[in-house]
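Novice: The structure that follows is given in the form of structure tokens.
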Amino acid sequence: MKTIEPKILYFGTPVAIVSTLNEDGGTNLSPISSFWTLGWTMTLGVLNDAKMAENLQRYGDCVVNLPTPEMWEAVEKLAPLTGKNPVPKEKSEQFHFAKDKFAAAGLSRLESELVKPLRVRECPFQMEARVLSLNELGGDKVAKLGGGMAVVVEVLRIHAEEEFVLEGTDHINPDKWSPLVYNFRHYYGLADEELGRTFRA
């Protein structure tokens, strides 16, 4: 065994595009790969200097859109963009401002039903959600990134493309759905072959 200090700990995590509401009423899009769920409660990992963090603190509604592996290039188009204008000095070398991130990534708008931020039409799963709590994250590694928050949201409504839902049920078909996975700054889909299933499947 070797002791290592990787810059990130993304051991194969799903990618989401989170829609939040800007101060002018427009929708900001933020790709993230730090989130997990329990029931219909979801925790989002957000850096403090992100427009997403500012938006969630001001107006606590969002949409968590799940892209397919084929959408990785659209996600990557969003990655170097920020909704902050002017761009913070510490981010200016890598990021640039985009007012309309839908257009920048070639994505389409879709009205939400219970929240104000728009959904991403191309994403086959869209979860409208509302913030329950914002919690500051500690630790030296997070501090070096400018600080971060664990944002706990409650999912209020889920929209799903029918092709990924088992007919006659509310169950997602794991043989058809494959999330876009972020594996140490590389994009992957799941392997085609199922390895097994839990006793609760």
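The values are calculated or read from the model by the stated rules, or taken from the named source; none is laboratory data. Worth saying up front: this structure is predicted, and the values here are computed from it rather than measured. Cβ sites come from the backbone with ideal geometry, for glycine too, and all protein chains shown count toward neighbours.
Novice: Name the pairs: first residue in region 16-36 and free of Cβ contacts under 8 Å to residues at least 60 places away in the same chain and within 13 Å of residue 115 (Cβ to Cβ), second residue buried (at least 17 other Cβ atoms within 10 Å of the Cβ) and not aliphatic (A, V, I, L, M), Cβ to Cβ under 6 Å, at least 6 apart or on different chains?
Specialist: Qualifying pairs under 6 Å: 18/30; 18/62.
Novice: Tell me, yes or no, whether region 6-21 has at least one residue that is among the small types (Gly, Ala, Ser), within 21 Å of residue 157 (Cα to Cα) and buried (at least 22 other Cβ atoms within 10 Å of the Cβ).
Specialist: Looking through region 6-21, at least one residue is among the small types (Gly, Ala, Ser), within 21 Å of residue 157 (Cα to Cα) and buried (at least 22 other Cβ atoms within 10 Å of the Cβ).
Novice: Filter region 52-69 for residues that are buried (at least 21 other Cβ atoms within 10 Å of the Cβ) and not aliphatic (A, V, I, L, M); which is farthest from residue 25 (Cα to Cα)?
Specialist: Applying the filter and picking the extreme gives 67.
Novice: Output the residues belonging to region 112-151 that are in contact with an Asp or Glu (Cβ under 6 Å, 6 or more places away or on another chain), basic (Lys, Arg) and surrounded by fewer than 16 Cβ atoms within 10 Å (Cβ to Cβ).
Specialist: Answer for region 112-151, where residues must be in contact with an Asp or Glu (Cβ under 6 Å, 6 or more places away or on another chain), basic (Lys, Arg) and surrounded by fewer than 16 Cβ atoms within 10 Å (Cβ to Cβ): just 130.
Novice: Quick check: anything in region 158-176 assigned to a helix (DSSP H, G or I) and loosely packed, with under 15 Cβ neighbours inside 10 Å?
Specialist: yes
Listed here are the residues, each with its yes/no results for (1) of a type in the set (Asp, Glu); (2) closer than 22 Å to residue 21 by Cα; (3) modelled with pLDDT under 95.
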residue	(1), (2), (3)
95	no, yes, yes
99	no, yes, yes
113	yes, yes, no
119	no, yes, no
130	no, yes, no
157	no, yes, no
167	yes, no, yes
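Novice: Sticking with this structure for a sec: Does region 40-50 contain any residue that is over 17 Å from the mean Cα position of the chain (by Cα) and hydroxyl-bearing (Ser, Thr, Tyr)?
Specialist: Among the residues of region 40-50, not one is over 17 Å from the mean Cα position of the chain (by Cα) and hydroxyl-bearing (Ser, Thr, Tyr), which makes the answer no.
Novice: Within region 158-180, count every residue that is farther than 23 Å from residue 75 by Cβ and in contact (Cβ under 8 Å) with a residue 12 or more places away in the chain.
Specialist: Matching residues across region 158-180 total 1.
Novice: May I ask you to say which residue of 83, 39 is touching a residue at least 40 places away in the same chain (Cβ under 8 Å) and of a type outside the set (Asp, Glu)?
Specialist: On inspection, the qualifying residue turns out to be 83.
Novice: Could I ask something else about it? Report every pair of residues separated by at least 6 positions or lying on different chains whose Cβ atoms are under 6 Å apart, first residue within region 134-151 and closer than 17 Å to residue 90 by Cα, second among the β-branched types (Val, Ile, Thr).
Specialist: Hits for this filter: 148/142.
Novice: Might you let me know whether region 62-76 holds any residue that is among the polar types (S, T, N, Q), part of a loop (DSSP other than H, G, I, E, B) and more than 26 Å from residue 171 (Cα to Cα)?
Specialist: no
Novice: Still on this structure: For region 42-51, does any single residue satisfy the condition of being of a type in the set (Gly, Ala, Ser), assigned to a strand (DSSP E or B), surrounded by fewer than 17 Cβ atoms within 10 Å (Cβ to Cβ) and modelled with pLDDT under 95?
Specialist: No, that holds for no residue.
Novice: Can you tell me how many residues in region 92-130 are of a type outside the set (Phe, Trp, Tyr), part of a strand (DSSP E or B) and either closer than 14 Å to residue 62 by Cβ or within 15 Å of the chain's Cα centre (by Cα) (or both)?
Specialist: 7
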